[in-house]
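Only one structure is covered here, and it is reproduced in the block below.
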Amino acid sequence: MSATGSVGGTARREPHAPEATLGRKADYLHADSTLRSWFLTTDHKRIAILYLTSITGFFVIGAVAAGVVRLALIVPNGAIMTNDTYNKAFTIHGVVMVWFFLIPSIPATFGNFLIPLMIGAKDLAFPKLNLTSWYVFMAGAFFTLVSLVLGGVDTGWTFYAPLSTAFSNTWVLPALIGVTIVGFSSILTGLNFVVTIHTMRAPGMTWFKLPIFVWAHYATSLIFLLATPVITTALILLIMERGFHIGVFDPAYGGDPVLFQHLFWFYSHPAVYIMVLPGMGVISEIVPAFAQKKLFGYRFVAYASIGLASVTFFVWGHHMFVNGQSDLASLVFSALSFAVAVPSAVKVYNWTATIHKGSLRLDTPMLYAMGYIGLFVLGGLTGLYLATLAINQHIHATYFVVAHFHYIMVGGTVLAFLGGLHFWWPKFTGRMYSEPWGRVSAVLIFLGFNVTFFPQFILGYLGMPRRYATYPAEFQLLNVLSSAGATILAAGYIFPMLYLVYSLWFGRKAPANPWNAKGLEWETGSPPPKHNFLSPPEVPRIPYDYPIQAQESQDQHG
Amino acid sequence: MSEGLADGVGVARAGHFETVGQQRAAATLGIWAWLITELLLFSALFLVALITRILHPEATVAAAKHLKFWIGATNTVVLICSSLTMSMAIEFSRIGWQRAMVRAMLATAALGSLFLVLKGYEYYADWDEHMMPFLSNRPFALAETPPARLFVNLYYVATILHAAHLFTGIALLLGMTWMAAKAGFLSRHQNWIEVYGLYWHFIDLVWILAFPILYVVNR
Amino acid sequence: MRNPLATLSADERALLRRRLRTPVLTFLALLALLAVNVTLGATLPFAQVWIVELLVVAVMVALILLVSMEVIHEPPLVRLFSGLGFFWVAIMFGMTLTDYLAR
């Protein structure tokens with residue numbers, strides 16, 4: 001137990017802490033303070049902060065729309081608002097959360113900030129392109145948001161033809177154009193990451209010394225590059241279909257709406273892994289730090305990231321089992337979908353094996369990480385139900401699906417986002433947040449989330465379809481429960497916004513490495529200097545060189 | 001491709017790179033990553049063309065026979081010529097013949113523009129023959145076979161998307177030529193020519209794919 | 001206008017010839033392959049001619065990638081990237097056709 005003893009207690013919080021570096025002329029936050037120095041910056045750290053602020057705004061908008069949806073569903077007869085308003089609200093929620101929050105969330109913020117630090121580089125390979133990507137993102141997102149709010153769109157985030165092309169009377173066209181534009185920002189970010197990880201690593205930083213966070217972002221960036229252009233084409237065709245009736249998705253001329261779904265899901269299923277993989281990267285950093293233990297099965301976790309990014313391109317048809325695609329296609333897509341479980345399980349087993357016999361400290365980031373693991377398992381396993389052809393017939397397009405993907409997207413990605421935000425907050429801002437408030441919020445979010453979404457599994461299994469404004473009266477109890485959970489969840493979201501902002505001015509100044517964590521980003525100041533490292537960083541012998549190694553925990557066991 | 005560079009030709013290192021070699025490698029990898037996205041962008045359209053052919057073989061053949069085969073073929077020759085002049089520009093940049101390089105770049109831009117002019121004429125001929133089904137006020141020549149509309153419209157989406165890439169390419173090329181004509185350009189930014197050349201060749205490659213897929217194999 | 005080639009020295013001409021040999025040969029090869037395809041397209045000698053046409057296109061694409069875009073001289077990573085997109089296109093076509101060819 002000697003290894004655990006030396007790192008326990010308060011000594012761990014500030015181990016051999018160098019002096020806080022916040023406020024020095026050298027750090028990136030204080031290097032320059034004009035508005036121009038922010039909006040024309042090419043510093044990856046500042047661009048990350050630009051992204052962080054904007055996507056937080058989008059998260060709030062998406063969350064308010066979710067609140068409106070849950071409000072409407074308190075009563076079964078749809079009396080609270082018109083069906084039109086309800087449709088527009090769930091579309092705002094879906095479009096904003098998927099396209100403007102979840103997809104850029106972790107890569108554009110933490111990835112942007114941390115990848116150069118973690119690999120020991122001064123910046124990303126193409127800093128101007130990086131800034132461009134933010135402006136492209138804001139332009140597209142603003143365009144779509146204006147059309148969602150002023151005109152309203154009622155197609156849901158998937159924009160399925162022919163509803164979006166022939167039947168909807170809402171502002172679909174500008175919304176589509178905005179989403180298309182946002183795709184380019186994803187491509188630019190992914191391209192920058194791929195090139196940076198290949199060419200900008202510090203001398204000695206070999207692939208198998210990279211943190212899993214970097215591996216996960218590499219895999220994500222490949223998906224950005226390989227999948228996003230296809231949704232661009234699909235959306236262009238949709239825009240042409242709506243604007244000029246070109247006919248390729250229109251059955252009246254012999255076109256095939258299912259073809260849109262193929263193109264759409266060729267991107268949008270891999271996009272699930274754009275949203276999930278970076279979160280897995282975050283968890284792979286938090287868990288070893290708060291167990292003070294080397295990540296178990298490092299190579300397997302790294303390979304699993306690449307594996308997930310590849311397998312995910314072979315399974316999109318599981319979104320289309322009941323839409324008339326061929327039986328052969330359904331069979332093939334169903335069988336391949338089960339393969340996704342393998343790399344996912346590899347990750348979960350390795351995180352739990354890392355926790356096992358570690359020297360655990362349940363600080364806020366770790367609470368989020370533990371919540372993530374549990375919810376991801378539930379979300380992932382229910383995915384297997386949905387991938388099963390016969391069961392899918394029963395629960396397709398019901399609240400079971402809604403609950404399933406919220407367990408992955410919220411229980412997974414949002415918890416990882418919040419966990420990562422707390423973990424690296426000292427690094428980003430140079431300030432410590434309030435730990436007690438952090439823990440209270442983490443627990444609130446976990447509870448609120450489960451109260452909101454677990455009842456939806458039951459509702460879906462009982463047969464309540466998604467996207468309807470009304471439902472049979474016997475479903476009311478579970479719906480009210482779900483809406484009540486949403487208020488707890490909302491409270492859990494509001495607290496961090498308050499205490500994190502408060503900490504910017506009143507928080508304790510953070511040392512360079514408040515968690516005694518490993519990784520090059522902790523070797524530099526909090527916040528880091530403008531060019532990341534004052535002297536070239538020394539690349540460690542092995543990644544995750546924590547006091548406890550798997551070998552030691554086996555010895556203790558024996 | 002740093003081998004075979006003449007004296008005084010090279011790349012000035014930007015601050016965030018450690019070496020010029022690293023900077024060149026990043027630029028080359030970056031353009032290839034971008035070209036992957038271009039390939040998938042167009043391939044999705046080619047996939048739609050294939051599905052259209054599978055679902056409606058007769059209508060697709062009827063539509064394809066109406067396309068201006070000879071203009072398409074001529075345009076392919078034009079782009080193959082422009083690929084040659086682009087390759088020449090790259091070689092001239094490597095041996096430091098700046099004037100020759102600038103002329104080869106201008107020739108490339110001229111050939112690209114010729115392609116667009118021919119394309120414009122082709123659209124005019126299509127319009128003349130009532131082959132613009134997306135125009136609601138002009139009856140479609142093949143209106144009796146509704147699915148023919150799918151392939152013809154797809155032809156417009158694909159060729160306009162390609163023309164947009166070519167137009168952007170010409171604009172970038174002219175801007176770069178203006179800079180490349182200045183003294184000292186080749187000692188600081190020689191690899192811009194190489195990176196741009198990859199883009200130009202790839203836009204040609206997309207047309208080399210689009211021409212047979214749209215005009216030839218469905219005849 | 002004076003012929004610029006006339007001002008070149010013998011060494012410079014040799015350099016030019018050496019440097020431009022590959023681009024010019026590629027150019028001629030591409031034109032020849034295009035001529036084959038245009039002839040086939042214009043005459044339609046037999047029903048399955050599209051197979052031949054697509055094979056010719058594949059050769060043209062390979063020529064541009066390997067020679068014009070100099071992939072054969074690039075390090076393995078760039079070679080991998082130049083093929084990656086095509087592999088993914090194959091996934092997209094293959095998996096979509098499991099639907100359309102089996103309906």
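The values are calculated or read from the model by the stated rules, or taken from the named source; none is laboratory data. Predicted model only: the values in this text are computed from it and were never measured. Please note: Cβ atoms are built from the backbone with ideal geometry, for glycine as well, and neighbour counts cover all protein chains shown.
So here's what we get for this one:
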| quantity | calculated |
| --- | --- |
| Residue check for residue B:134: part of a helix (DSSP H, G or I) and either modelled with pLDDT of 95 or more or in contact with a Lys or Arg (Cβ under 9 Å, 6 or more places away or on another chain) (or both) | no |
| Number of the condition not met by residue B:135 [criteria: (1) surrounded by fewer than 18 Cβ atoms within 10 Å (Cβ to Cβ); (2) more than 13 Å from chain A (Cβ to nearest Cβ); (3) within 18 Å of residue A:247 (Cα to Cα)] | (2) |
| Residues (more than 23 Å from residue C:23 (Cβ to Cβ), touching an Asp or Glu at 6+ places or on another chain (Cβ under 9 Å) and surrounded by 19 or more Cβ atoms within 10 Å (Cβ to Cβ)) located in segment B:30-68 | B:51, B:52, B:67, B:68 |
| Residues of segment A:166-207 classified as among the hydrophobic types (A, V, I, L, M, F, W, C) and assigned to a loop (DSSP other than H, G, I, E, B), total | 4 |
| Failed criterion for residue B:11 (all others in (1) under 30 Å from residue A:531 (Cβ atoms); (2) at the interface with another protein chain (Cβ under 7 Å from one of its Cβ atoms); (3) of a type in the set (A, V, I, L, M, F, W, C) hold) | (2) |
| Residue under evaluation residue B:13, criteria (1) under 23 Å from residue C:16 (Cα atoms); (2) among the basic types (Lys, Arg); (3) not in a helix (DSSP H, G or I), criterion not met | (1) |
| Matching residues, segment A:113-139, being touching a Lys or Arg at 6+ places or on another chain (Cβ under 8 Å) and either within 10 Å of chain B (Cβ to nearest Cβ) or without any contact (Cβ under 8 Å) to a residue 24 or more places away in the chain (or both) | A:116, A:121 |
| From the options A:110, A:184, A:142, residue that is on the phi < 0 side of the Ramachandran plot and without any contact (Cβ under 8 Å) to a residue 40 or more places away in the chain | A:142 |
| Helices (runs of 4 or more DSSP H) contained entirely in segment A:320-413, each with at least 1 residues that are without any contact (Cβ under 8 Å) to a residue 60 or more places away in the chain, of a type in the set (Gly, Ala, Ser) and within 14 Å of chain C (Cβ to nearest Cβ) | A:327-339 |
| Sole residue being surrounded by fewer than 19 Cβ atoms within 10 Å (Cβ to Cβ) and within 14 Å of chain A (Cβ to nearest Cβ), chosen from B:164, B:210, B:171, B:148 | B:164 |
| Close pairs (6 angstrom Cβ cut-off, 6 or more residues apart or separate chains): small (Gly, Ala, Ser) in segment A:429-454, not in a helix (DSSP H, G or I) anywhere | A:430/A:22; A:430/A:510; A:430/A:526; A:430/A:527 |
| Meets criteria (among the β-branched types (Val, Ile, Thr) and surrounded by fewer than 19 Cβ atoms within 10 Å (Cβ to Cβ)) for residue B:71 | yes |
| Residue B:154 vs. criteria more than 14 Å from chain A (Cβ to nearest Cβ) and either in a helix (DSSP H, G or I) or buried (at least 20 other Cβ atoms within 10 Å of the Cβ) (or both) | no |
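Residues are listed down the side, and each one gets a yes or a no for (1) facing chain C (nearest Cβ under 10 Å); (2) in contact with a Ser or Thr (Cβ under 6 Å, 6 or more places away or on another chain):
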site: B:27; (1), (2): no, no
site: B:37; (1), (2): yes, no
site: B:50; (1), (2): yes, no
site: B:60; (1), (2): no, yes
site: B:67; (1), (2): no, no
site: B:75; (1), (2): no, no
site: B:78; (1), (2): no, no
